[in-house]
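Asks: Okay, handing you the structure first.
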Amino acid sequence: MIDLTIADDVAEITLNAPQKLNALDAAAVDELSSAYARAADAGVRALVLRGEGRAFCAGRDISGVDPREDDVLGYLEGRIQPLMERMTAFPAPTFAVAHGACLGVGLGLLIASDVVYVAESAKIGSPFANLGATLDSGGHALFVERLGAHRTLDLIYTGRLMSGSEAVDSGLFSRVLPDDDALEVTRSAAAQAARGATRAFLASRELVRDLRDRRIGLWESMADENRAQAALCDTDDYREGFAAFQEKRKPVFHGR
């Protein structure tokens, strides 16, 4: 599911389950966290994160999850947030390149990367309008800071997904690129960073984060998201959203 290659001081981590759009179950999250740890131990000077196939990451893999027994807090608080914290603490510049679906947890992986290049085909946002769940993985903090409250709630209420161009124009990510060029441009940028003054880059990263976190408090916001998501697990609409997804039909919600 997770591939790690290292060459010329650059690690490349690939989400490699294209048959399910690189959606992540608990085991895959653990595997991804391990890949970051191994890359750090190898002393690389830059890292690229990408997805294989038609999508970067469609979010959490809920295909076999029973919503009546789902430990969503354990998944988000026990696995996703620690993974994102490990990613943001990676001891070298990190780059992500995203195409196709970048949803839910997939969005969180982008949030936890230093520089994000998105392909024109990217679809970014919250698919949870049809799941009876709430945006998670740090999405509220990112969206409110960059988009404001009204546009954030518009995306959440409607489930509309942003294109790569719209996401970059809104200030969410770094650059939008043609699909055919996105990976090579990202690899080139990571190779350039690996040849640069890594300690100076990391000092700038800390300064930038200090300025950002004074406004949005990413980890505090994620903790609130985790609790909200766990509370929603007990709702009828959450169970209906899961069932509809698994049965490939449109959900019928009743607001309870």
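Asks: Contour minus end-to-end for S204 and E184, with contour as 0.36 nm per residue of separation and end-to-end as the Cα-Cα distance? Kindly include the intermediate steps, with their values, before the conclusion.
Replies: Working: separation 20, 0.36 × 20 = 7.20 nm, distance 2.49 nm.
Going from the current span to full extension adds 4.7 nm.
Asks: So what is the 222 nm mean residue ellipticity for the chain from helices alone, if each DSSP H run of at least 4 adds -39500 (n - 2.57) and you divide by all residues, rounding to the nearest 500 deg cm²/dmol?
Replies: Values: 11 runs with 122 residues, N = 256.
Taking each H run of at least 4 residues, the total per residue is -14500 deg cm²/dmol.
Asks: I've got another one for you. Accessible area per residue, 1.4 Å probe, Å², for the range 49-130: what's the number? All intermediate terms of the calculation are to be shown ahead of the outcome.
Replies: On the way: 2690 Å² over 82 residues.
I get 33 Å² per residue for this part.
Asks: Now for a different question. Is any residue of the range 85-121 close enough, with backbone N under 20 Å, to a label point placed 7 angstrom from the Cα of N130 along the Cα-Cβ axis, and if so, which?
Replies: 99-108, 121
Asks: Could you please state, rounded to a whole Å, how far the C-alpha centre of the range 91-152 is from the C-alpha centre of the range 166-204?
Replies: After rounding, the separation between the Cα centres reads 16 Å.
Asks: For the range 9-145, which whole percent of the accessible surface, found with a 1.4 angstrom probe, sits on carbon and sulfur atoms?
Replies: Of the solvent-accessible surface of the range 9-145, carbon and sulfur hold 46 percent.
Asks: Rolling a 1.4 Å sphere over the protein heavy atoms, what is the accessible area per residue of the range 166-256, to the nearest Å²? Spell out each step's value before the answer.
Replies: Numbers: 5600 Å² over 91 residues.
That works out to 62 Å² for each residue.
Asks: Could you list, bin by bin from short to long, the percent of Cα-Cα pairs of the range 103-256 in 5 Å steps?
Replies: Taking every Cα pair in the range 103-256, the percentages come to 2, 8, 14, 19, 17, 15, 11, 6, 4, 2, 1, 0.
Asks: Same structure again: How far apart, in nanometres, would the label points at A243 and Y157 be if each is projected 7 angstrom from Cα along the Cα-to-Cβ direction?
Replies: Going from the A243 label point to the Y157 one covers 2.8 nm.
Asks: Rg/Rh for the range 8-91: what does it come to with C-alpha atoms and Rh from Kirkwood? All intermediate terms of the calculation are to be shown ahead of the outcome.
Replies: Working: Rg = 13.8 Å, Rh = 13.7 Å.
Value, to two decimals: 1.00.
Asks: Among 12-25, 182-195, 118-131, how do they line up from the highest to the lowest mean number of other beta-carbon atoms within 10 Å? Mind showing how you got there, number by number?
Replies: On the way: 12-25: 20.3, 182-195: 17.9, 118-131: 22.4.
Packing order, densest peptide first, comes out as 118-131, 12-25, 182-195.
The values are calculated or read from the model by the stated rules, or taken from the named source; none is laboratory data. Only a predicted model underlies this, so the values are computations on that prediction, with no experimental measurement involved. Methodologically, a virtual Cβ is constructed for each residue, glycine included, from the backbone with ideal geometry; neighbour enumeration extends over all protein chains shown. Side chains included, ligands, DNA and RNA excluded: accessible areas come from the protein's heavy atoms. Shrake-Rupley method; radii C 1.70, N 1.55, O 1.52, S 1.80 Å.
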